[in-house]
Amino acid sequence: MNKHIWIIASFVFLFSCNKEEVKDDSFVLEQPEGFPAMQIPSDNQLTKSRVNLGKKLFFDKRLSEDSTVSCASCHLQPMGFADNFQISPGVHGNLGFRNTPTLTNIGYAEIFFMDGGVPTLELQVLNPIENPDEMNMPVPQAIERMAAIPEYQQMALEAYDRPFDAFVLTRAIAAYERTLVSGNSKFDQEVYQGKNVFSQSEQNGYQLFLDKGCADCHSGFNFTDNDFHNIGLYEIYTDIGRKRVTILDSDEGKFKTPTLRNVELTAPYMHDGSLASLEEVVDFLNTGGETHVNKSSLIQPLNLTVSEKADLVAFLKTLTDWDFVNNEKHGIYYTYE
Amino acid sequence: MKKQAFKLLFFGSIVTLALAQYSCKKEGCLDSTANNYNWDAEKDNGSCSYDATLVVEVNPKFNGVDISFDSTYMYAQGYLIQFSTIRFYTTYAKVGNGGTYTNANSVAQFNYANSNVLFSDLVTPGSYDELTFDIGVDSVRNHADPSTYDSDHPLSTMSSGGMYWTWNSGYRFVVIEGRFDSNGDQVIDMNDTPFAYHLGLDPYLRTNTASVSMNLVEEMTTVVSYELNMERFFMNATDTLDMVANPTIHMNPGQEVIGEMLTDNFNASLVLE
């Protein structure tokens, strides 16, 4: 009889001990008004230790060949996690062939890169590291280098219960990227939070955005249909876009519809950064674009007046979320405790 | 009272169980290294069976001699070439007997820089008349996440270094790299143009089938050797690849015709020795 009591007693003891030692690692992702819940893979649910590790890696230049370039070199928070180069320089000043896109709400994206060759945020991480025009490090080498840093080993064990490897690298950076949620722009306050903050010009611009077909492609809470379109930017595309992945002629010149959130901060525009300002973008769309067999029928001459163009630009600027770009939690000096 | 009864029942059942075990001693294979090891058997009845080992080797050759990365070779178009990388994937290797197949290997990566062994795997013993595998990675595993494999798995991020397309998630099925004597000085050095033939994409998976009579015997190793004829890789009955005009093929749009030719050539160049 006595024995039984002892066994029960020690169980109680074990449990009480555990409770005291385990700190709360759960991460509560903010879900702004009007946003759906984010789909997060089961093997990479968010925790504080995962996000902290991913953030550290995102800002770490040692992931590049000569330790000069990090993810944050091209994806800068003050510019909505994009930058203001037409083409961003990588190691040795090498230039790729596309403009850096924003990472605003990237956790809601369904397919990655402008030509859609990558199916998950985790797999996307491998590209910039290995890309000769970005960080130029064979991924196995990058992993060996980072795994030799004791701090990363410890953080990997804490976050994923395994030594630092490709799984940890890709999972952690993706976890951090999923926290980059922006949903408190003037637009959100007006439309989702029911506050009366739009000026007359912004209100007109919003109406034009809906009436002129912009919202057919830049649709939903994140201003993208996650699909690919040819908007008639060129008669002859040197960058063939989606066709690069599918090899289908019918995909030539099609690019993923970009979100328009924080678009004011991410100039220049389009896949090649060829349009310098939002005014130039609206001027271009107003013409109805160049002739191309794959051009979407939604791109038509808009016959906008000068003041209508200004209204449309004013509306696009309501998508800027200053709380997001100033949120210190997304920066390298903040640690989730 | 109740406690007593419970105790009796408890010990009673233990005794019964033990007796039951002794009275009908189970027979089976008692060797834990065998295929049919029976963990609850107590008497060996001589039924243990074991796998055979099948080793598949690949010997890359040019003009009939084994390729060395230190040597140069005269290309069909009259200039010297030198190889630096010969790698490829095979999946679903099977041995066949009259059209019935037995699995031999799930996935293997050949990397001539490391060894000339494609795979060494356990196979059910028997007589076979065919060896077949796909060159490349099947569409399911081609788009799976390489970071989820153990690092020594052929498809893992670590082992697939240089064999993975990061902008279009999937593996390169075949990678052949080197340089050709582009300046015509009869030596190959850093001044010469590199060539890189990276073949892949789902529609370009090819099945290689060879007739070979093999008798795979329990606990014995059988070696099957292929030749990879690299002259054949660059040419078919009607065309020879012009390296000067096409030093790199990455299966980009516009490269379909050459990409497909090289894919089919590669399959045809891999033949039994």
- Task: Roll a 1.4 Å probe over the protein heavy atoms and report the accessible area of A:Lys195 in Å², nearest 10.
- Result: 100
- Hey, can you grab everything whose amide H is under 5 Å from the amide H of A:Glu134? Only 5+ residues off in sequence or another chain; H modelled, so Pro and N-termini drop out. A:Val91
- Item | GluC sites (Glu not before Pro) lying in DSSP loop within segment B:175-256, provided at most 16 other Cβ fall within 10 Å | B:Glu218, B:Glu219
- Query: Taking a ≥ b ≥ c as the square roots of the eigenvalues of the Cα gyration tensor of chain B, is the shape rounded (a/c under 1.5), prolate (a/b larger than b/c) or oblate?
  - Reply: prolate
- Run the numbers on segment A:232-257: which residues show a drop of 30 Å² or more in accessible area, chain on its own versus all protein chains together, using a 1.4 Å probe over heavy atoms? A:Arg244, A:Val245, A:Ile247
- B:Tyr75 long-range amide H proximity, modeled H, under 5 Å: B:Leu80, B:Ile81
- Task: List the accessible area buried at the contact between A and B, summed over both sides and calculated with a 1.4 Å probe, in Å² to the nearest 100.
- Result: 1800
- Task: Estimate the FRET efficiency between B:Val257 and A:Gln45 by the formula 1/(1 + (r/R0)^6), using the beta-carbon distance for r and 41 Å for R0, to the nearest 0.05.
- Result: 0.30
- Note on the structure: Averaged per residue, the 1.4 Å probe accessible area of chain A, protein heavy atoms only, in Å², is roughly 48
- Item | Threshold 20 Å², segment A:155-175 residues less accessible with all protein chains present than alone (1.4 Å probe) | A:Ala166, A:Phe167, A:Arg171
- Separation between the A:Ser67 and B:Asn114 pseudo-spin-labels, each 7 Å from Cα along Cα→Cβ, expressed in nm? 2.9
- Cross-link list A:Lys186/A:Lys295; A:Lys48/A:Lys329; A:Lys23/A:Lys48: which exceed 21 angstrom alpha carbon to alpha carbon? A:Lys186/A:Lys295
- Message: Using +1 at the C-beta of Lys and Arg and -1 at the C-beta of Asp and Glu, which of A:Pro119, A:Pro101, A:Ser201 has the Cα lying farthest in the positive direction of the dipole of chain A?
- Response: A:Pro119
- Message: Please state the shape class of segment A:186-321: rounded when a/c is under 1.5, otherwise prolate if a/b exceeds b/c and oblate if not, all from the C-alpha gyration tensor.
- Response: prolate
- Could you work out the per residue convex hull volume over the alpha carbons of segment B:46-203, in cubic angstrom? 173
- chain A: most fluctuating residue of A:Asn226, A:Asn327, A:Asn184 per GNM, C-alpha cutoff 10 Å: A:Asn327
- For segment B:52-272, the accessible surface attributable to carbon and sulfur atoms (probe 1.4 angstrom, ligands and nucleic acids excluded) amounts in percent to 48
- Quick one: which residues, 5+ away or cross-chain, put their amide H under 5 Å from the amide H of B:Phe195? H built at 1.01 Å from N. B:Gly178, B:Arg179, B:Phe180
- List A:Lys212, B:Lys26, ordered by accessible area with a 1.4 Å probe, largest first: B:Lys26, A:Lys212
- Which percent of the accessible heavy-atom area of segment A:162-297 goes to carbon and sulfur, probe 1.4 angstrom? 50
- Item | Mean ellipticity per residue at 222 nm, deg cm²/dmol - from DSSP H runs of n ≥ 4 across chain A, formula -39500 (n - 2.57) | -10000 deg cm²/dmol
- the protein assembly as shown shape via C-alpha gyration tensor axes, a/c threshold 1.5: oblate
- Message: Averaged over its residues, how many other protein chain Cβ atoms are within 10 Å of peptide A:132-144's Cβ atoms?
- Response: 2
- Query: Using a Gaussian network model of chain B with C-alpha springs under 10 Å, which one of B:Val65, B:Val117, B:Val212 is most mobile by mean-square fluctuation?
  - Reply: B:Val65
- For B:Lys25, solvent-accessible area (1.4 Å; no DNA, RNA or ligand), Å²: 120
- Item | Dipole magnitude (debye, nearest 20) for chain A, charges at Cβ of Lys, Arg, Asp, Glu | 760
- How much accessible area does B:Met74 have with a 1.4 Å probe, in Å² rounded to the nearest 10? 90
- Once phi for every residue in segment B:239-253 is put through the Karplus expression 6.51 cos²θ - 1.76 cosθ + 1.60 (θ = phi - 60°), the whole-Hz ³J(HN,Hα) values, with Gly and Pro written as x, are 10, 10, 4, 8, 5, 5, 7, 10, x, 10, 10, 10, 6, 6, x
- Measuring from its Cα centre, the protein assembly as shown shows a charge dipole (+1 at each Lys and Arg Cβ, -1 at each Asp and Glu Cβ) which, in debye to the nearest 20, is 2220
- Task: Could you rank B:Lys43, A:Lys295 by how accessible they are, 1.4 Å probe, largest area first?
- Result: B:Lys43, A:Lys295
- Out of B:Ile249, B:Ser225, B:Gly64 - ranked by how far each Cα lies towards the positive end of the dipole of segment B:52-272, with unit charges on the beta-carbon of charged residues - the top one is B:Ile249
- Calculated from DSSP H runs of 4 or more alone, at -39500 (n - 2.57) each and per residue, what is the 222 nm mean residue ellipticity of chain B, nearest 500? -5000 deg cm²/dmol
- Item | Fraction of antiparallel bridges per DSSP, the protein assembly as shown only, in percent to nearest 5 | 80
- Simple spin-label estimate for B:Thr193/B:Ser225, 7 Å along Cα→Cβ, in nm, reads 3.6
- Rolling a 1.4 angstrom probe over the protein heavy atoms, how many square angstrom per residue are accessible across segment B:52-272? 41
- What residues does segment B:155-169 have that are buried by at least 50 Å² of accessible area in the full protein assembly compared to the chain on its own, 1.4 angstrom probe? B:Thr157, B:Met158, B:Thr166, B:Trp167, B:Ser169
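The values are calculated or read from the model by the stated rules, or taken from the named source; none is laboratory data. The structure presented is a predicted model; accordingly, all values stated were derived computationally and were not measured. For neighbour counting, all protein chains shown are included, and Cβ atoms are generated from backbone atoms with ideal geometry for every residue, glycine included. SASA here: full protein model, heavy atoms, side chains in, ligands and nucleic acids out. Shrake-Rupley method; radii C 1.70, N 1.55, O 1.52, S 1.80 Å.
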